[in-house]
Amino acid sequence: MTCQPTQTPPPESFNIPALREKYLAERDKRLNVRATAQYVRAAGEFVENYEADPHMPVLPRAAVSEELDVAILGAGWTGILSAYHLKQAGVSTFRHIDHAGDFGGVWYWNRYPGIQCDNDAYCYLPLLEETGFMPSKKFSDGFEIYDYCRLIAERFGFYETALFHTLVTTLRWDETIQRWRILTNRGDEILARFVVMAGGLLNIPKLPGIPGIGDFTGKMFHTARWDYEYTGGSYRAPVLDRLADKRVAIIGTGATAIQATPYLGQYAKTFYVLQRTPSTVDERKNNPTDPEWVKTLQPGWQKARQINFLHAAMERLAKGEEDQICDIWTEINRNLNAQLAAENWPELTLEQWVAKREMVDYQVMERLRHRVETLVEDKATAEALKPWYRFLCKRPASNDDYYPTFNRPGVKLIDVSASQGVERMTEKGFVAGGVEYEIDCMIFASGFEVTSDLDRRWGIDVIEGRGGKSIYDHWRDGYKTLHGMMTHGFPNQFFTGFIQSGLNASTTEQMSRHGYHIAYIIKEALTRGATMVEASEAAQAAYVQHVHDTAVDISAFQRECTPSYFNGEGDTKPRFYAGEPYGPGWEAFETLLADWRDKGDLAGVILTTPAAAALAPAK
């Protein structure tokens, strides 16, 4: 069935200049001069809650002292896919090290009620053709994703060597043995030839720096450490029956809160939703997987679907290219292509195309604001729930039960935009708008350390390369890499994620391709008898210059956006959550890497063999 364009208000039905002014006024109301500093590191009982595992007991074990080829720091999707590609390349001496009690990463820790994938599961869940697995519906439940992580780890034998419930505390390069010394909170000392940083993006929970947070005597927890002992219910059956006599509040109205709110609103005696900035919330359309559709799939279907999602959500759909994804992420480009087709595909400059796309953006956002009015009965509440900003200023969401929850008699939306968040917490509750609200439980849906300083995002106190230089100092003034995955002065260390890479709409596909490229380099190093691989300063400088020369300037768009982790909470020099993306796009980035590998000479990478190391002068 062909995906159709949505019905949106015509441009003449609203005033674009007035909307622009409204967007800026709503942004200004929410700007906090502290930007990302308004969120704080976990301290006190929150550190204990972060380090503790509510899902699995921490079992005693002997400290590990060993040498191995590869240490993979992280056992979420990035770590799983890095290991998969290492194994496919014939590298088998590796080990995962992770704070969690199992594979899964963000899908291990996050077990709040209603948790689902927010992206098309047929794109997001990797290796579907390789494993034969098929998601049960378009947006998989969190436990289905967690189970699938475990399925892959079991199938490829990753459990045999994994170290769980283990926090890396120190990562230090030892030039004398050309290995990384890894120290952990369990007393381990692991000497790894190579290290893959696979911690992922949504790794460290963050907390709002609310005055008086330590004064509150009730229950508090972050959604990434959901306490079913307190709420009742369970991960796979979230019947929160222990909240029947409780007054509960949640801080945050992002993707997590939108999924959890319908359950809290249903079961809590009184439920407050504390909102600084509303999200866009479209209908879900979470249809079960059609077995007849599955029968039609041809080899290579998942890669083709991921490319289509990339085009529809982040780049441009080609003339006549159908939108296979057909959800909130792809609506703007789908509607734009329908408009261009109706105009017989006019020849457009990039500026003209961008202008047309911006108009469709306004139309889609106007549709989403109208949707609030049709579903929320109280007019003041509906008005407060309307999103006044450009699409993709905040992460878009979809949920069929979020807006109707505000029609429940025990549910109240509290708009804290005027004070840029909750004013303070007290012994008995919180203060908003000068009014104290007494509650029994405060839940923080405040997200993760995405655009904060690197040491807060990674959570490793010491990462030191050659000469004792800290990676945090090395990159303090900006990233310096070769292909976004290696940096000079930190031999045998590989980076994944959003640094200086192409940007893919499917994060798992992006991490998978990083894992593939890294596995190629490690395999080549081992095959050639090298004990050390390192980006040369010249190659690194050339790549960084290339990234800067080809960068797409989105600073004006970021400045106009309401504060969120997408723009560093409105910082005057915002950190983009995606780092410094490769401007020519994902497919150009993949071609760049493929051409580099095909040449076979590891251009720009210094390989050191034991003999060469013995002849090198002492440093």
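The values are calculated or read from the model by the stated rules, or taken from the named source; none is laboratory data. Please read all numbers here as calculations on a predicted model, not as lab measurements. In this analysis, Cβ positions are derived from the backbone assuming ideal geometry, glycine residues included, and neighbour counts consider all displayed protein chains. Ligands, DNA and RNA are excluded from the accessible area calculation, which covers all protein heavy atoms including side chains. Shrake-Rupley method; radii C 1.70, N 1.55, O 1.52, S 1.80 Å.
When segment 3-54 is limited to residues that are modelled with pLDDT of 70 or more and within 30 Å of residue 102 (Cβ to Cβ), the one that is least open to solvent (accessible area, probe 1.4 Å) turns out to be 53.
Listed here are the residues, each with its yes/no results for (1) within 16 Å of residue 392 (Cα to Cα); (2) at pLDDT below 95; (3) in a helix (DSSP H, G or I).
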position: 297; (1), (2), (3): no, no, no
position: 320; (1), (2), (3): no, yes, no
position: 327; (1), (2), (3): yes, no, no
position: 333; (1), (2), (3): yes, no, yes
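Against the conditions (1) in contact with an Asp or Glu (Cβ under 9 Å, 6 or more places away or on another chain); (2) open to solvent by less than 30 Å² (accessible area, probe 1.4 Å); (3) over 21 Å from residue 236 (Cα atoms), residue 181 satisfies every one except (2).
Could we say that residue 63 is at pLDDT below 95, part of a loop (DSSP other than H, G, I, E, B) and open to solvent by 10 Å² or more (accessible area, probe 1.4 Å) here?
Values: at pLDDT below 95: no; part of a loop (DSSP other than H, G, I, E, B): yes; open to solvent by 10 Å² or more (accessible area, probe 1.4 Å): yes.
Judged against the criteria, residue 63 is not a match.
Go through 437, 403 for me and flag whichever is modelled with pLDDT of 95 or more and more than 30 Å from residue 18 (Cβ to Cβ). I'd like the intermediate steps shown before the answer.
Details: 403 fails: more than 30 Å from residue 18 (Cβ to Cβ).
Answer to the selection: 437.
Scanning segment 259-295 for residues that are assigned to a helix (DSSP H, G or I) and either modelled with pLDDT under 95 or open to solvent by 20 Å² or more (accessible area, probe 1.4 Å) (or both) returns 263, 266, 267, 291, 292, 293, 294, 295.
Here is a check on your reading of the model: is residue 339 assigned to a helix (DSSP H, G or I), closer than 27 Å to residue 14 by Cα and open to solvent by 30 Å² or more (accessible area, probe 1.4 Å)? Yes; evaluated as a whole, the condition is true for this residue.
Within segment 117-140, count every residue that is in a helix (DSSP H, G or I), touching a residue at least 40 places away in the same chain (Cβ under 8 Å) and of a type in the set (A, V, I, L, M, F, W, C). Full working, then the answer.
Start the filter on segment 117-140 by keeping residues that are in a helix (DSSP H, G or I), which leaves 121-124, 128-131.
Narrowing the set further to residues that are touching a residue at least 40 places away in the same chain (Cβ under 8 Å) leaves 122-124, 128-129.
Checking which are of a type in the set (A, V, I, L, M, F, W, C) leaves us with 123, 128.
So the answer is 2.
Going by the conditions given, is residue 442 more than 30 Å from residue 368 (Cβ to Cβ) and open to solvent by less than 30 Å² (accessible area, probe 1.4 Å)? Against the criterion (more than 30 Å from residue 368 (Cβ to Cβ) and open to solvent by less than 30 Å² (accessible area, probe 1.4 Å)), residue 442 does not qualify.
Considering segment 550-564 alone, what residues qualify as being among the hydrophobic types (A, V, I, L, M, F, W, C), in contact (Cβ under 8 Å) with a residue 12 or more places away in the chain and under 27 Å from residue 275 (Cβ atoms)?
Residues satisfying the conditions are 554, 557, 561.
Taking the options 543, 565, 520, name whichever one is at pLDDT 95 or above, open to solvent by 20 Å² or more (accessible area, probe 1.4 Å) and not β-branched (Val, Ile, Thr). Every option except 520 fails the conditions.
The residues of segment 71-97 that are touching a strand residue (DSSP E or B) at 6+ places or on another chain (Cβ under 9 Å) and either part of a helix (DSSP H, G or I) or under 16 Å from residue 54 (Cβ atoms) (or both), listed by number, are 78, 79, 80, 82, 83, 86, 87.
Hey, which of the strands (runs of 3 or more DSSP E) in segment 389-440, taking only ones fully inside, have at least 1 residues that are in contact with a Gly (Cβ under 6 Å, 6 or more places away or on another chain)?
Details: elements: 411-415, 429-432, 435-438.
Passing ranges, in order: 411-415, 435-438.
Tallying residues that are more than 17 Å from the chain's Cα centre (by Cα) and β-branched (Val, Ile, Thr) within segment 65-92 yields 3. A single member of 305, 225 is over 17 Å from residue 444 (Cβ atoms) and open to solvent by less than 40 Å² (accessible area, probe 1.4 Å), and it is 305. Residue check: residue 212 meets all listed conditions (1) part of a loop (DSSP other than H, G, I, E, B); (2) touching a helix residue (DSSP H, G or I) at 6+ places or on another chain (Cβ under 8 Å) but one, namely (2).
Of the residues making up segment 347-372, those that are among the β-branched types (Val, Ile, Thr) and farther than 17 Å from residue 552 by Cβ are 360, 364, 372. Open to solvent by 20 Å² or more (accessible area, probe 1.4 Å), touching a strand residue (DSSP E or B) at 6+ places or on another chain (Cβ under 7 Å), hydrophobic (A, V, I, L, M, F, W, C) and more than 24 Å from residue 537 (Cα to Cα), is that true of residue 503? When the stated conditions are applied, residue 503 does not pass them. If you check 202, 207 for being open to solvent by 20 Å² or more (accessible area, probe 1.4 Å), at pLDDT below 95, among the hydrophobic types (A, V, I, L, M, F, W, C) and in contact with a helix residue (DSSP H, G or I) (Cβ under 7 Å, 6 or more places away or on another chain), only one passes: 202. What are the residues in segment 248-258 that are in a helix (DSSP H, G or I) and surrounded by fewer than 24 Cβ atoms within 10 Å (Cβ to Cβ), if any? Within segment 248-258, just 255 meets the criteria.
Residue 173 passes every criterion in (1) in a strand (DSSP E or B); (2) farther than 25 Å from residue 498 by Cα; (3) out of contact with any Leu (no Cβ under 8 Å at 6 or more places or on another chain) apart from (2).
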